[in-house]
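Here's the structure, in structure tokens; my notes come after.
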């Protein structure tokens, strides 16, 4: 009877103690979250309740398993498994706690500076994201190394591994040259403020928004919902357009090819009316100017401003569409056309058909023809 009750009491008591402590901790976090609603820290810490309970359960079972006297012949193996679970759960809990602290710091900073300096908020967000990835990778590597060192065979091999660390490091550096290059490029992007999450960029002729930045690759979401993934080293080795660098405000242009008789002054007034009715226009500037001319048309440029790349696109398409519609309805003569009328001659030039005369040889010729000589 004792062989049955002892394991049940030890294991059941460990599980019950774990659940009780986990429930009490969760209740305390809930109260702290309600009491301190200005910070999301306590609510974010609740995300770690599962790894927290795993750590408690593994630690309690690891310390009390000998008292259970269950499977004594496999005591070493069970203890090894509990140790591995304890290390893995601890690493998971550390990552969750670090994530909660970092997210809380970013949330406070974003709330204080979102309206005043959105570009700096995006930069901090990029840095926070990459810092969390570095922390997660570091904790994961340390956890795996700690798990491996729990095996006696791995500890015995440690001396030989350290002895050959120089050669292994050289070989690994050569083999992972591209990966290491992307890794350092990712850190350079994060802390060099070259590109940030949420920036509007143009890469390889594609316009889009930076959606994700990792230590090795970067994802750009295009306007038609496609995703372009490229190594972060691209942004440290090749030129690219960043429309959100500094301030997100932008100036856009629209071009028309119109007839020489186009009413430029009236187009300026019409552009002002169109922009006043367009919510995406930020009211900073606008204008109409003739930028070029050809024998058949004028090149007219309209200039307008907006607060960011998305709004400038909306303003441009709105101005282009409404101006063409207004010209076709009110001033159709201003649209480009093929001129089939007679050319206007310079002053003093003869008008009418060419003069026809009859010379002495009896051959009728026009004014611009000359008589032929000789036999033909």
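The values are calculated or read from the model by the stated rules, or taken from the named source; none is laboratory data. Note that the coordinates shown come from a computational prediction; the quantities given were computed from them, not determined experimentally. Cβ placement follows ideal geometry from the backbone for every residue including glycine, while neighbour counts extend to all protein chains displayed.
Just checking, does region 233-243 include any residue being modelled with pLDDT of 90 or more, touching a helix residue (DSSP H, G or I) at 6+ places or on another chain (Cβ under 8 Å) and more than 22 Å from residue 317 (Cβ to Cβ)?
Within region 233-243 (the criterion being modelled with pLDDT of 90 or more, touching a helix residue (DSSP H, G or I) at 6+ places or on another chain (Cβ under 8 Å) and more than 22 Å from residue 317 (Cβ to Cβ)), the answer is no, since none of the residues qualifies.
What residue, of 172, 157, 190, is under 22 Å from the mean Cα position of the chain (by Cα), in a helix (DSSP H, G or I) and either over 27 Å from residue 33 (Cα atoms) or at pLDDT 75 or above (or both)?
Numbers: 172 fails: under 22 Å from the mean Cα position of the chain (by Cα); 157 fails: under 22 Å from the mean Cα position of the chain (by Cα).
Result of the check over 172, 157, 190: 190.
Of the conditions (1) outside the structural domain of residue 324 (by TED's automatic domain parsing); (2) outside any loop (DSSP other than H, G, I, E, B), residue 271 satisfies every one except a single condition; which number is it?
For residue 271, the exception is condition (1).
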